[in-house]
Amino acid sequence: MANSTARETLGLTEPSQIDTQKISFAAKEVDLVEWKGDMLAVGVTEKDMSKDENLKFKNSIMLKLDSRLGGLLSEASSEDDFTGKTGQSIVLRLRGLGLKRICLIGLGSTTSAIAFFRNLGETLGEAAKAFKSTKIAITLSSSEGLSEESKLSTASAIATGVVLGTYEDNRFKSESKKSTLKSVEILGLGTGDNIDLKLKIAEVVCSGIIFGKELVNAPANLLTPGILAEEATRIASEYSDVFTAKIFDVEQCKQLKMGSYLGVAAASANPPHFIHLCYKPPDGEAKIKLALVGKGLTFDSGGYNIKTGPYCSIELMKLDMGGSAAVFGAVKSLGQIKPLGVEVHFIVAACENMISGTGMRPGDIVTASNGKTIEVNNTDAEGRLTLADALIYACNQGVEKIVDLATLTGACVVALGPSIAGVFTPSDELALEVLTASEITGEKLWRMPMEESYWESMKSGVADMVNTGAHQGDAINAALFLKQFVDKEVQWMHIDMAGPVWNYRSDSATGFGVATLVEWVLSHSPFALIYMPHIKCNII
């Protein structure tokens, strides 16, 4: 993932390959006090940590473990004021028991939210990496109230969290820690084919999430539009039994009359590449056609409305292709799962938004490929211009439903904060589908209104529309803009993921969106499970 021109001009070397540790997952039913390994982790709620008048745990699992350890858990939790609150964790070193460490991880009040169990797995993964553990196990001190389906989802979420908690993008570091973790046993959540299948799917989805994270983390001097197109072609080639790839250059985009997209790309020395990957099921029969469209700005300077000021985050604008990274991450996962009954089109209008004498100016008018004209009153509202032609192209593929993902507006971050993506759609049916998928994956989405009266501020005196309207409600205005380029008979959703694309604590990408996209596609594949048992997981 490196550009030779960038290396020559900037003295860069190839990014190092990540030596990712392979982790095997297994679901087992064993007596906790007999388990042997490097670390046993127990997810506990605040209720699980309550004690009787004799300072004995009321929870049967905690009582049994504490008795085996001679009261160590009761003593340590009291001394360290560990009450099981969310975010709390404690690791104790043991001797002579065949178990090196025991780890208690707080879950807060009783909850069944998938996000909590994914966070539990991430905390355990980080601890396993810190203590150089090779073999670990995890259980919940209270799992009796979980349904069989909830146990499957919980195990999947924990496994996902462990993989992502141990993963570290070391490609651009001269020195880094490597995970030694090889084996994870999930205890007390059942055994058998169903949970084994869930764990395999979790591994496959993690491979897509990690791919998405690596794309976003890659700096813009290495990940140019051309390199992004190469990555798309490579991943499609890896799963060529179900994927085909088309890459359109500038001249081909001109023939398709993509004036809105090409206007954004006009100032950059790195030419744009319009990317279209198509998934067709192994048996060739598709009951429904879907499209996933991702914003693909590999760098956004803001153009002549250049990003300035302390909160403009211009140094992070490599993440402006986070939507395309989510789409390509879904490609990697679905290429391994190979769901039946569904055809999916993956579309990215990749380019840079730069400044030069050939660049688009404020006040210019561009024409999208459906003939609608746009007065560009702000060159930093460029993502919606690229998405306009991408959405038109998606509709022309005969799809029934479209989901687009974009790091589109700071307004959405102001409204929902850094952890929640905004969802905009006129379709209640599509909203229910995608929000249900996000509940299964633990990714946080919130449906926002599409207030049609706001469109008045988007009207132009000299063109069909402007690309930015009133400052208030800008995320809604942006969604209303995109709606102009979607056929009325097509169900469409826009996801503004400007907040959750980046983790400021770890200063790295999150891979947000991949899991929900995969889950949504699978929800349209009634026969997907026929292929899933044959997944070969050689990725982690």
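Some values worked out for this structure:
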quantity: Among 467-479, 324-336, the order from most to least packed when residues are scored by Cβ within 10 Å on average; calculated: 324-336, 467-479
quantity: Positive-end residue of L197, T139, M39, charge dipole of the chain with Cβ unit charges; calculated: M39
quantity: Given K287/K338; K280/K338; K28/K177, the pairs whose alpha carbons are separated by over 18 Å; calculated: K28/K177
quantity: Angle in degrees between helix 114-130 and the longest Cα principal axis of the chain, rounded to the nearest 10; calculated: 70
quantity: Dipole magnitude (debye, nearest 20) for region 182-240, charges at Cβ of Lys, Arg, Asp, Glu; calculated: 100
quantity: Order of exposure, largest accessible area first, which applies to R68, R171, R361, R447 with probe 1.4 Å; calculated: R361, R68, R447, R171
quantity: Whole-number percent relative contact order across the chain, with pairs defined as alpha carbons under 8 Å at least 6 apart; calculated: 15
quantity: Using alpha-carbon coordinates, inclination of helix 383-395 to the longest axis of the chain, degrees; calculated: 90
quantity: Cβ-placed point charges (K, R +1; D, E -1), dipole of region 281-424 about Cα centre in debye, nearest 20; calculated: 220
quantity: Reported label for calculated P(r) over Cα pairs in 20 Å bins from 0, in percent given (i) 22, 51, 24, 3, 0; (ii) 20, 54, 21, 4, 0; (iii) 24, 60, 16, 0; calculated: (i)
quantity: Extension gain (nm, one decimal) between E148 and D283, 0.36 nm per residue minus Cα-Cα; calculated: 45.4 nm
quantity: For peptides 418-429, 400-411, sequence by mean Cβ density within 10 Å, most packed first; calculated: 400-411, 418-429
quantity: Relative packing of peptides 115-124, 219-228 - highest average C-beta neighbours within 10 Å first; calculated: 115-124, 219-228
quantity: Lys, Arg +1 and Asp, Glu -1 on Cβ, resulting dipole of the chain about Cα centre, debye, nearest 20; calculated: 1220
quantity: Spin-label zone in region 245-276 - amide nitrogen under 12 Å from a point set 7 Å from the Cα of T358 along the C-beta vector; calculated: 250-251, 263, 265-272
quantity: Chain lengthening between E400 and K51 when straightened (0.36 nm per residue, less Cα-Cα); calculated: 120.0 nm
quantity: On Cα atoms only, tilt of 322-337 relative to the major axis of the chain in degrees; calculated: 60
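The values are calculated or read from the model by the stated rules, or taken from the named source; none is laboratory data. All values derive from a computational prediction rather than experimental measurement. Don't worry about glycine lacking a Cβ; one is built from the backbone with ideal geometry, like all the others, and counts go over all protein chains shown. SASA here: full protein model, heavy atoms, side chains in, ligands and nucleic acids out. Shrake-Rupley method; radii C 1.70, N 1.55, O 1.52, S 1.80 Å.
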